[in-house]
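S.K.: Here you go, one structure.
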Amino acid sequence: MLTLEQKIRAKIPGADTGIEIKKTVCDICAPDHHCGIDAYVKDGKVLKVEGTREHPYSHGSLCTKGLCSREYIYRSDRLRTPLRRVGPRGAGRLEPITWEEAYRAVAEGLNRVKKTYGPHSVAFFAGHGKWFRPMMQRFAYDFGSVNFGSDCSVCNVSLIFARIISAGCNYSPDIAHANTFLGWAFGGYYSSYHDVQEVAALKERGGKVILIDTRVTPAAKNLADLFLQIKPGTDGALAHGFAKLIIENGWMDRDFVEQHTFGFEEYKAYVQQFDRKTVSKITGVPEELIYEAAKLYATNGPACINEVCFNLAHNYNGQQNYRAITGLNALTGNFDRAGGALPAVGTYNMRSAGFPTREGAFSGANRPEHPRIGEGRFPLWDMLWGEYQAVTLPEQILGGGDYPIKALFAAGLNVRMLPDTNKTLRALEALDFFVDTDLFLTDAAQYADIVLPVCSSFERGELKVYPGGYAMMTEPVIPPLYQSKTDVEIFSELLPYLGLKDELLEQGYDACIDWILEGTGLSVESLRAAGGAVKAPVAREYIPGSYVAGGMKTPSGKWEFHAQMLDRFTQSHHLEPLATYVDCFADDRDPALAEDYPYILTTGTRVPNTIHSRLHQVPWARSLRPSPLLEISRSDAQELGIAQGEPIEVETPQGRVCAPAKISGKIQKGNVLLVHGYGACDASSLLSSDHLDPYSGFPCYRSSRCMLRKAEE
Ligand SMILES: Nc1nc2c(c(=O)[nH]1)N[C@H]1C(S)=C(S)[C@@H](COP(=O)(O)OP(=O)(O)OC[C@H]3O[C@@H](n4cnc5c(=O)[nH]c(N)nc54)[C@H](O)[C@@H]3O)O[C@H]1N2
Ligand SMILES: Nc1nc2c(c(=O)[nH]1)N[C@H]1C(S)=C(S)[C@@H](COP(=O)(O)OP(=O)(O)OC[C@H]3O[C@@H](n4cnc5c(=O)[nH]c(N)nc54)[C@H](O)[C@@H]3O)O[C@H]1N2
Ligand SMILES: [Mo]
């Protein structure tokens with residue numbers, strides 16, 4: 001028998017120890033995960049975390065990030081009180097103030113700018129945090145500004161666009177019923193590890209796996225039957241090469257193509273130029289492998305393509321490349337078929353759970369009729385997404401846009417999120433008024449006039465939805481630390497200070513969620529009473545084929561190889577209705593660039609122990625990879641005379657950073673990988689804010705030109 005003291009030290013729950021197990025979620029990463037957490041709590045402190053076994057999505061697993069939760073929520077730079085800036089912007093001189101003083105100052109600052117420049121001159125911006133977004137968007141519109149934007153401007157939205165213009169809806173792979181999994185830029189173990197379990201199960205039942213990546217990844221080693229190592233940003237050419245082979249060998253689904261697609265003849269004629277030899281030259285993939293992969297994918301169906309491949313969008317030709325890839329779904333009849341790609345209904349907070357809610361009506365209420373900043377530059381973005389394209393925000397603040405942005409209300413702004421960090425910092429410096437809410441005293445917060453402390457998911461209750469029709473309402477497992485509040489409390493409490501009325505938002509988060517859930521058979525009360533995840537009464541299992549049978553939501557009612565939604569932008573913005581392939585440096589203005597900067601820089605491939613700007617300061621996570629990951633190939637290292645661990649400089653026209661070399665066999669000659677988010681070695685400071693995908697406006701995090709050299713001591 002353990003003594004009481006031993007039990008407490010071993011963190012064993014029980015009435016005698018005073019340790020309780022409380023249920024929450026980890027929201028460190030994107031809402032497509034949010035794994036269940038059992039928090040062991042004593043005296044208002046989290047002692048340890050474990051995965052929740054009965055959770056309908058994560059089934060007890062937690063990744064490195066979730067396992068870091070305790071160190072994350074107790075990070076030493078957690079904000080303790082509201083702060084007011086007393087030194088120059090960025091100098092980090094801030095003094096504690098009360099919430100009352102903070103609210104008054106925020107209201108005074110925002111209303112002053114509104115009065116002088118108009119409500120749209122105040123931009124609202126949400127960083128990676130998603131849980132508060134519907135309320136923040138509504139808050140921005142209540143204020144009278146149309147300018148709400150977020151990290152969606154650089155994340156998966158570009159892929160959703162490609163799906164919408166092709167098929168009229170968003171869709172996801174049905175790995176559970178597939179025979180072949182085509183993992184195209186599949187981060188698997190690091191970015192979407194639940195998919196890895198599904199892919200492993202597919203292999204166990206005799207299925208096949210094809211992976212296409214620029215680097216040799218753990219997935220390539222553990223899961224691939226065929227692995228194609230490709231040059232960065234050349235994926236569109238490979239996809240068209242597959243298409244040509246599939247068509248000429250009779251591997252396509254003729255019935256599907258004839259009945260349900262539009263523009264096939266034009267597409268077929270276009271892909272003729274992508275013969276194996278040409279494709280091999282562009283992509284670096286051997287000809288035989290191109291043939292083997294196309295054949296396996298097209299003849300061993302049903303086959304599906306991974307959903308998380310967001311980095312494909314981070315190239316100048318990103319959206320077109322992805323459209324070329326996703327077109328293979330239609331060519332092989334793997335769209336809206338069990339084991340292929342299945343249409344998905346957005347449920348809540350960027351998550352599709354198999355039932356609709358009133359989220360859109362809630363967040364879009366009171367939307368002012370006015371052009372957003374940057375409108376006209378990326379017309380597809382303007383047409384398909386309700387937010388401003390945040391990539392244009394620094395430009396707009398610096399006066400380069402169509403009307404001035406003078407104040408910024410940010411919820412979690414990371415100054416290294418956008419390309420060209422120096423430009424972002426210059427923009428923050430130029431603001432008349434800046435308020436930032438965050439958990440931590442970030443570099444951005446140090447530029448803010450007022451900083452408001454918010455709490456973590458352990459300190460609040462929130463709605464989560466999961467595939468299979470599940471929903472749950474979490475409870476705070478500890479009280480908010482220090483004086484922090486939730487973002488939504490802040491929006492609703494600020495309304496009267498700003499002289500605004502919103503009867504729903506004023507009542508707080510639960511009332512908003514009840515409104516959003518109306519018609520689903522769920523309510524905050526019923527979810528709370530259930531104490532865990534429950535199935536929504538309205539959730540129905542999707543019957544494959546029903547979307548196609550009812551006519552797709554495209555102009556032709558069919559899958560469009562020729563996307564008619566783009567026709568109207570061909571003359572004005574050179575957007576092509578076919579998924580045409582161009583080089584990822586087709587926008588080079590100066591031909592000398594390729595000579596001066598001969599390497600290709602990829603920033604931000606995901607690694608298990610960091611998420612963007614946030615886990616670098618968590619000691620346990622940091623200890624797994626203490627210095628920034630800067631990877632080069634063995635042959636480049638040899639040519640440059642660099643040994644393992646020696647410092648190298650990476651330079652672009654934007655800037656220069658230095659880090660120890662990680663020489664590896666995983667990366668190909670000519671390529672450089674630098675993981676983003678490190679303060680002292682900032683990958684984003686190397687990137688240009690003008691090198692953008694003209695379809696989506698997305699930055700080219702994965703392909704910039706750079707120069708390498710051995711660093712002087
Ligand atoms: N170079 C390079 N840059 C990139 C990428 C890349 O691959 N390479 N990836 C891009 C992509 S895909 C994305 S999605 C973005 C990520 O976007 P970022 O916004 O850069 O992500 P984070 O650094 O995780 O979070 C931003 C801030 O939000 C705060 N935060 C977290 N939760 C909350 C909350 O609930 N409320 C509030 N108010 N704040 C919160 C965090 O403390 C942090 O300071 O970065 C993009 N930038
Ligand atoms: N641990 C961790 N997980 C995360 C995040 C994080 O910061 N850390 N961020 C989250 C967010 S916001 C996002 S957007 C997702 C992103 O998730 P992913 O899109 O999966 O991200 P990556 O790991 O950058 O890319 C996946 C794979 O694509 C390969 N790749 C890169 N460029 C190319 C290319 O041009 N062609 C091909 N074929 N392959 C290429 C990379 O080598 C990598 O193996 O991850 C999410 N999950
Ligand atoms: Mo992202």
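S.K.: Output the residues belonging to the range 384-403 that are more than 28 Å from Ile164 (Cα to Cα), part of a loop (DSSP other than H, G, I, E, B) and touching a Ser or Thr at 6+ places or on another chain (Cβ under 8 Å).
M.R.: Gly401, Tyr403
S.K.: Among the numbered criteria (1) within 16 Å of ligand 2 (Cβ to nearest atom); (2) under 15 Å from Gly339 (Cα atoms); (3) touching a residue at least 40 places away in the same chain (Cβ under 8 Å); (4) not acidic (Asp, Glu), which single criterion is violated by Leu223?
M.R.: Going through (1) within 16 Å of ligand 2 (Cβ to nearest atom); (2) under 15 Å from Gly339 (Cα atoms); (3) touching a residue at least 40 places away in the same chain (Cβ under 8 Å); (4) not acidic (Asp, Glu) one by one, Leu223 breaks only (2).
Quick grid of which residues meet (1) in contact (Cβ under 8 Å) with a residue 60 or more places away in the chain; (2) closer than 30 Å to Tyr171 by Cβ; (3) assigned to a loop (DSSP other than H, G, I, E, B):
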{"residue": "Leu575", "(1), (2), (3)": "yes, yes, yes"}
{"residue": "Val582", "(1), (2), (3)": "yes, yes, yes"}
{"residue": "Thr602", "(1), (2), (3)": "yes, yes, no"}
{"residue": "Arg606", "(1), (2), (3)": "yes, yes, yes"}
{"residue": "Ile611", "(1), (2), (3)": "yes, yes, yes"}
{"residue": "Pro626", "(1), (2), (3)": "no, no, yes"}
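S.K.: Here's a check for you: in the range 137-153, which residue that is touching a Phe, Trp or Tyr at 6+ places or on another chain (Cβ under 6 Å) and not small (Gly, Ala, Ser) is nearest to Gly499 (Cα to Cα)?
M.R.: Phe139
S.K.: Still on this model: Pairs under 6 Å by beta carbon, first residue under 22 Å from Glu54 (Cβ atoms) in the range 516-540, partner open to solvent by 70 Å² or more (accessible area, probe 1.4 Å), six or more apart or different chains?
M.R.: Final answer for the pair search is Gly521/Pro537.
S.K.: A follow-up question, please. Could you tell me which of the residues Ala126, Ala140, Ala167 is within 16 Å of ligand 3 (Cβ to nearest atom) and in contact (Cβ under 8 Å) with a residue 24 or more places away in the chain?
M.R.: Ala126
S.K.: Same structure, new question: Select from the range 434-455 the residues that are assigned to a helix (DSSP H, G or I) and either surrounded by 23 or more Cβ atoms within 10 Å (Cβ to Cβ) or within 16 Å of ligand 3 (Cβ to nearest atom) (or both) and list them in ascending order.
M.R.: Within the range 434-455, Ala445, Tyr447 qualify.
S.K.: Sticking with this structure for a sec: Name the residue, out of Arg70, Arg75, that is outside the structural domain of Tyr447 (by TED's automatic domain parsing) and assigned to a loop (DSSP other than H, G, I, E, B).
M.R.: So the residue among Arg70, Arg75 that is outside the structural domain of Tyr447 (by TED's automatic domain parsing) and assigned to a loop (DSSP other than H, G, I, E, B) is Arg75.
For (1) out of contact with any Cys (no Cβ under 8 Å at 6 or more places or on another chain); (2) open to solvent by 20 Å² or more (accessible area, probe 1.4 Å); (3) closer than 30 Å to Ala243 by Cβ, each residue gets a yes or a no:
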residue	(1), (2), (3)
Asp590	yes, yes, no
Arg606	yes, yes, yes
Ser613	yes, yes, no
Trp620	no, yes, no
Leu630	no, no, no
Ala643	yes, yes, no
Glu649	no, yes, no
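S.K.: How about the range 235-256: which of its residues are of a type in the set (Val, Ile, Thr) and open to solvent by 10 Å² or more (accessible area, probe 1.4 Å)?
M.R.: The one that is of a type in the set (Val, Ile, Thr) and open to solvent by 10 Å² or more (accessible area, probe 1.4 Å): Ile247.
S.K.: Are any of the residues in the range 278-286 more than 16 Å from ligand 1 (Cβ to nearest atom), out of contact with any helix residue (DSSP H, G or I) (no Cβ under 9 Å at 6 or more places or on another chain), farther than 15 Å from Gln229 by Cα and not small (Gly, Ala, Ser)?
M.R.: No, there is no match, as no residue in the range 278-286 is more than 16 Å from ligand 1 (Cβ to nearest atom), out of contact with any helix residue (DSSP H, G or I) (no Cβ under 9 Å at 6 or more places or on another chain), farther than 15 Å from Gln229 by Cα and not small (Gly, Ala, Ser).
S.K.: OK, next. Of the conditions (1) within 30 Å of Leu527 (Cα to Cα); (2) out of contact with any Phe, Trp or Tyr (no Cβ under 7 Å at 6 or more places or on another chain), Pro56 satisfies every one except a single condition; which number is it?
M.R.: Condition (2) is where Pro56 drops out.
S.K.: Take the residues of the range 3-37 that are crowded, with 21+ Cβ neighbours inside 10 Å and away from ligand 2 (no atom under 16 Å from the Cβ): which is farthest from Ile73 (Cα to Cα)?
M.R.: Per the criteria, the residue is Gly36.
S.K.: So, one more: Restricting attention to the range 144-158, which residues are surrounded by 24 or more Cβ atoms within 10 Å (Cβ to Cβ) and more than 16 Å from ligand 1 (Cβ to nearest atom)?
M.R.: Within the range 144-158, Ser145, Asn147 meet the criteria.
S.K.: Please enumerate the residues belonging to the range 456-495 that are farther than 18 Å from Asn349 by Cβ, open to solvent by less than 20 Å² (accessible area, probe 1.4 Å), assigned to a loop (DSSP other than H, G, I, E, B) and within 13 Å of ligand 1 (Cβ to nearest atom).
M.R.: Ser484
S.K.: Report whether or not Phe161 is farther than 19 Å from Pro419 by Cα, of a type in the set (Phe, Trp, Tyr) and either open to solvent by 10 Å² or more (accessible area, probe 1.4 Å) or within 16 Å of ligand 2 (Cβ to nearest atom) (or both).
M.R.: Answer is yes for this residue.
The values are calculated or read from the model by the stated rules, or taken from the named source; none is laboratory data. Not measured: the values here are computed from a predicted model. Here Cβ is always computed from backbone atoms with ideal geometry, including for glycine, and neighbour counts include all displayed protein chains. Side chains are part of the model used for accessible areas, which takes the heavy atoms of the whole protein and leaves out ligands, DNA and RNA. Shrake-Rupley method; radii C 1.70, N 1.55, O 1.52, S 1.80 Å.
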